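Input: a single structure, listed below in structure tokens.
The values are calculated or read from the model by the stated rules, or taken from the named source; none is laboratory data. Since the structure is predicted, the reported quantities are computational estimates derived from the model, not experimental observations. Every residue, glycine among them, receives a Cβ derived from its backbone with ideal geometry; neighbour counts consider all protein chains shown.
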Amino acid sequence: MQGRIFLAAAMALASAVFVAPAAAHQASSVDARIDQALAGARPGQFVQVKPFGPTRRASDGLLEIRLAGGQVVKTHGLDPEPPVTAADAAAGGAHPERGLNCADLPRLQVLYVHPSDRPNRFSKSMYERIRTYMRRMSHRLNADALSSSQGRIGADYRVRCKSSGEIDIRALETRTTAARDDWSIIQADLKRAGHDSRQGKYLVWYDDPVERGCGLGNIEGDDTKSASNRHNVRPFYAVVWGNIGTRICWNWRVGMHENGHNMGAVQYAAPRSSGDKWHCNDGLDLMCYADGGDKSNYSVRRCDNAVFDCGKDTYFDTLTEPGEWLRGHWNIGWSGNRFLDFSRPDAPRPSAEAGSGR
Ligand SMILES: [Zn+2]
């Protein structure tokens with residue numbers, strides 16, 4: 001009897017777009033809410049979970065979201081706000097920047113998206129703000145490429161540019177509302193608008209916050225070192241929610257984290273992986289936090305700075321060593337990753353964004 005009551009309660013919660021009060025930056029509270037919403041579902045059944053839309057749990061621990069239109073995509077779920085580091089505090093908001101590489105497909109398309117019942121606020125200053133986040137990501141990526149290769153190999157995002165040579169950031173109105181912020185609708189709307197290339201990655205700066213989450217990105221379990229790795233041959237999407245005074249979230253670190261998922265970080269079998277929540281265990285590494293995964297052994301000791309792969313042994317290394325796991329498996333820093341340009345730092349960058357001032 002108790003079981004039936006529990007089941008009925010769980011199903012009522014699941015169908016009611018469940019929102020529970022909890023602390024903002026505890027991954028476990030976010031996951032607990034999702035697990036509770038899914039608890040009453042039959043095997044294979046999709047349940048409405050805010051802000052994903054129809055959702056179910058896959059066998060590899062990932063969530064599957066059914067887009068408006070029927071396609072099913074995978075994500076680990078909502079990412080919380082990253083902590084403010086000592087370096088951030090000392091810098092007082094300043095951060096190094098680097099220009100982006102203008103490129104044809106394959107490339108990253110950056111977008112500003114707003115809900116249908118909110119105004120389009122994509123102004124010149126909004127464009128410049130998003131461009132600044134992208135340039136901060138660019139600096140971090142290249143700095144970590146160089147540090148992983150003793151200064152020999154840099155890396156740059158390949159982005160779409162305007163004819164002026166500056167990054168092209170597209171604005172889009174989605175059919176979902178600010179009350180729902182439904183990702184299954186947003187991602188479907190991106191596809192309908194033509195942002196659906198197999199040679200595309202899409203990073204959305206979304207002009208509305210969601211409860212207790214800051215970002216979401218598609219990822220799949222595929223660690224094969226191959227040009228046809230799924231992260232290399234399919235459109236993958238990421239979003240950074242936020243942008244109101246009390247719930248900002250918009251910053252380069254969330255953007256880099258979600259795009260990192262889109263490029264395949266962090267795979268389950270990788271050294272120092274947190275397991276079935278698809279992050280890692282190394283301190284302030286941009287892809288790591290205490291996410292409660294089945295291999296989670298999070299420690300702040302290994303890295304006390306926000307870098308893209310602390311130790312260069314888990315998902316990003318531009319110069320691997322013999323015997324290293326990343327040498328034989330999918331590695332975002334491998335030259336076969338089509339979404340980055342890899343460069344010799346002493347060579348010119350003919351495709352660099354105008355006015356990048358590298
Ligand atoms: Zn994540």
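Here Ala238 qualifies as among the small types (Gly, Ala, Ser) and closer than 13 Å to Thr75 by Cβ. Scan region 199-210 for residues that are surrounded by fewer than 24 Cβ atoms within 10 Å (Cβ to Cβ) and either over 18 Å from Thr174 (Cβ atoms) or touching a Ser or Thr at 6+ places or on another chain (Cβ under 7 Å) (or both) and jot them down. If the condition is that a residue be surrounded by fewer than 24 Cβ atoms within 10 Å (Cβ to Cβ) and either over 18 Å from Thr174 (Cβ atoms) or touching a Ser or Thr at 6+ places or on another chain (Cβ under 7 Å) (or both), then Gln199 is the only one that fits.
When Tyr268, Tyr237 are screened for being in contact with an Asp or Glu (Cβ under 7 Å, 6 or more places away or on another chain) and at pLDDT 95 or above, only Tyr268 passes.
For Thr320, the criteria (1) more than 16 Å from the ligand (Cβ to nearest atom); (2) in contact with a Leu (Cβ under 6 Å, 6 or more places away or on another chain); (3) more than 23 Å from Asn232 (Cβ to Cβ) hold in every case but one, which is (3). In region 189-303, counting only strands (runs of 3 or more DSSP E) that sit wholly within it, the ones holding 2 or more residues that are within 12 Å of the ligand (Cβ to nearest atom) span 215-217, 236-240. Here the condition is being within 16 Å of the chain's Cα centre (by Cα) and of a type in the set (A, V, I, L, M, F, W, C); of Leu78, Leu105, it holds for Leu78 alone. When we screen Leu190, Leu216, Leu146 for residues that are modelled with pLDDT of 95 or more and touching a helix residue (DSSP H, G or I) at 6+ places or on another chain (Cβ under 8 Å), the only hit is Leu216. Pairs are defined by a Cβ separation below 6 Å, a sequence spacing of at least 6 or placement on different chains, a first member in region 115-136 that is within 14 Å of Tyr206 (Cα to Cα), and a second member that is assigned to a helix (DSSP H, G or I); the pairs so defined are Tyr133/Trp252; Tyr133/Gly255.
Does Ala58 qualify as being over 16 Å from the mean Cα position of the chain (by Cα), farther than 30 Å from Ser163 by Cβ and in the same structural domain as Val240 (by TED's automatic domain parsing)?
Against the criterion (over 16 Å from the mean Cα position of the chain (by Cα), farther than 30 Å from Ser163 by Cβ and in the same structural domain as Val240 (by TED's automatic domain parsing)), Ala58 does not qualify.
A residue that is surrounded by fewer than 21 Cβ atoms within 10 Å (Cβ to Cβ) and among the small types (Gly, Ala, Ser) cannot be found anywhere in region 251-263. Per the listing Tyr315, Tyr298, the residue uniquely among the aromatic types (Phe, Trp, Tyr) and surrounded by fewer than 24 Cβ atoms within 10 Å (Cβ to Cβ) is Tyr298.
For Arg136, indicate whether it is surrounded by fewer than 21 Cβ atoms within 10 Å (Cβ to Cβ) and more than 16 Å from Val240 (Cα to Cα).
It is false that Arg136 is surrounded by fewer than 21 Cβ atoms within 10 Å (Cβ to Cβ) and more than 16 Å from Val240 (Cα to Cα).
Against the test of being surrounded by fewer than 19 Cβ atoms within 10 Å (Cβ to Cβ), among the aliphatic types (A, V, I, L, M) and assigned by TED's automatic domain parsing to the domain that holds Ala178, the options Ala238, Ala227 yield a single qualifying residue, Ala227.
Taking the listed residues Arg152, Arg98, Arg140, Arg160, the one that is without any contact (Cβ under 8 Å) to a residue 60 or more places away in the chain and closer than 26 Å to Arg344 by Cβ is Arg160, with no other qualifying. Between Asp144, Asp156, Asp117, the distinction of being under 23 Å from Gln199 (Cβ atoms) and either surrounded by fewer than 22 Cβ atoms within 10 Å (Cβ to Cβ) or within 19 Å of the chain's Cα centre (by Cα) (or both) belongs to Asp156 only.
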